[in-house]
Amino acid sequence: MSEVFIGRQPILDRNMEVFAYELQFHQGMNPSKQTIEATEELLKKTEAEIGFQSIVGKHAAMMALPKELIASEHLPVFEEGETLVLEIPNNVNHDVDILQRLKELKGTGSSIALDDYIEDDSSIKLASISDFAKIDNEAHTEIKLKRMIQDLHEKGVKVIAERVETEEMFHYLKKLGFDYFQGHFFTNPVIINGEKLTGNKLNLLQLMAKINDPLTDYHQLSEILSQDVALSHKLLIAVNNPMTMIPVRVESISDALKYMGLKRLKFWVNMLLLADMGDAPQELLVTSLIRARFCELLAEKSGHNSEKDSYFLVGLLSSLGAFFRTPIQYVVDEMPLSGTIKTALVDKRGLMGKALEVLHNLECTSEKYADLRYENLGISEIGNIYLTSSAWAQEAIAH
């Protein structure tokens, strides 16, 4: 059976809030009957073991499937009111069977996204039945991009920019008139070289440094939390949500430690602190949680179970440069981390650094995707770990 694996990329709106996640089925350049069967099998397996609704949460799901699988019996089931967006190529206007199936699916609530709109006859005809259109912003001049966007808007079609890699690119494409932006650009914010952390951000970083110091025990953590009544209150609300699976209602920090342990308690404090950073998009927090869980599971599956807490911390902290809008080196210098963790975060060296490198390739869906390996794990196992981590993060953020 051919190897097929699923990638996942967020699609954000003009306010940097998530509109949808595209679930990308990677299967080589020329899908064969065998890879189509493998894709169908992967759809069933992912639905049964993880659940596509869990992976995308409350957001829309966008999928580009082989045309043979564009039919209701092959599609994942989503909750009523949740949107499934079917992505179609720009050359299926003469395929009567596909067009009929798309019409039927639109009638049941699905939407259509036209991939690679290029203003030819086929694209223009397909745009008339589409809700969204993707444009390769690197393939056209600025003048042509503006014209295509205007023409699509006049047809009532929303326009998506692909491969948006930096916040600077996001602002440029937003100015041109794009409605949605696909990629992990929010993890690469505009950074002013030489700018030092001051005020609230410096205080927050110093607080995170104390919390994540390996020498900080329960008594010291309790003392830190006692000095911030609002944080303590938020923490008690958070640890009482169903995701923590604590059998009783937690009324105090000491109870939280008793039922959760120091590591899990530190995790919730970290999450609450990052969630309070109002100038960072929420998807950045989701990404941090995915990275943390991914690195932890990668450690477990690859035989490094004794180091999984360090892997988790590396994943969680890997987005701090984006949160604080400063080079990760400056952030790491303020924290009492081990040399191994610092090297992983700054230089992506060592086993934990390799885990971050694998993550980067997963997030940007690079050409190396199919060849990704980590220790004894191939892309199928790695891809499954990433989707499992995505579902875990969506559940964590929902509570």
Practice task
Just need the Rg to Rh number for region 136-180, please, alpha carbons only, Kirkwood Rh.
Solution key: 0.94
Completion exercise
Going fewest to most other Cβ atoms within 10 Å around each Cβ, Met352, Met260, Met245, Met148 line up as Met245, Met260, Met148, Met352
Handout entry: Alpha-carbon spread of region 199-398, three principal axes, descending order, Å
Key = 49, 39, 31
Problem - Burial ordering of Ser54, Ser254, fewest other beta-carbon atoms within 10 Å first - result: Ser254, Ser54
Practice task
Starting from the Kirkwood radius over alpha-carbon pairs of the chain, derive D by Stokes-Einstein at 4 °C in a medium of 1.567 mPa s and give it in µm² s⁻¹.
Solution key: 57 µm²/s
Exercise for the section: List the aspartates and glutamates whose Cα lies under 17 Å from the Cα of Lys45, skipping any in the same chain that are fewer than 8 positions away. Expected result: Glu3, Glu37, Glu73, Glu381
Exercise for the section: In vacuum, with every alpha carbon of region 305-399 counted as one equal point scatterer, what does the Debye formula give for log10 I(q)/I(0) at q = 0.18, 0.22 Å⁻¹? Two decimals, please. Expected result: -0.94, -1.26
Fill in the blank from the handout: Going from the fewest other Cβ atoms within 10 Å to the most, one would list Asp120, Asp115, Asp309 as Asp120, Asp309, Asp115
Practice task
Just name one of Ile341, Gly303, Phe323: the one whose Cα is farthest towards the positive end of the charge dipole of region 273-399 (beta-carbon charges, Lys/Arg +1, Asp/Glu -1).
Solution key: Gly303
Exercise for the section: Mind giving me the FRET efficiency for Asn15 and Asn241? R0 is 22 Å, r the Cβ-Cβ distance, nearest 0.05 is fine. Expected result: 0.25
Practice task
With 5 Å bins from zero, work out the P(r) of region 5-187 over every alpha carbon pair and list the percent per bin.
Solution key: 1, 8, 17, 20, 21, 17, 11, 5, 1, 0
Handout entry: Förster radius 35 Å - calculated FRET efficiency between Asp97 and Glu41 (Cβ-Cβ, nearest 0.05)
Key = 0.95
Practice task
Please give the FRET efficiency for Glu79 paired with Ser306, using the beta carbon to beta carbon distance and R0 = 56 Å, rounded to the nearest 0.05.
Solution key: 0.90
Practice task
Rounded to the nearest 500, what is the 222 nm mean residue ellipticity of the chain from helices alone, with -39500 (n - 2.57) per DSSP H run of 4+ residues and division by all residues?
Solution key: -15500 deg cm²/dmol
Problem - Nitroxide proxy distance, nm - points 7 Å out along Cα→Cβ at Leu207 and Lys106 - result: 5.1 nm
Practice task
State, to one decimal in nm, how far the label point of Glu138 lies from the label point of Asp121, with both points 7 Å from Cα in the Cβ direction.
Solution key: 3.1 nm
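Rule-based calculations on the coordinates, nothing more; no lab input. Not measured: the values here are computed from a predicted model. Here Cβ is always computed from backbone atoms with ideal geometry, including for glycine, and neighbour counts include all displayed protein chains.
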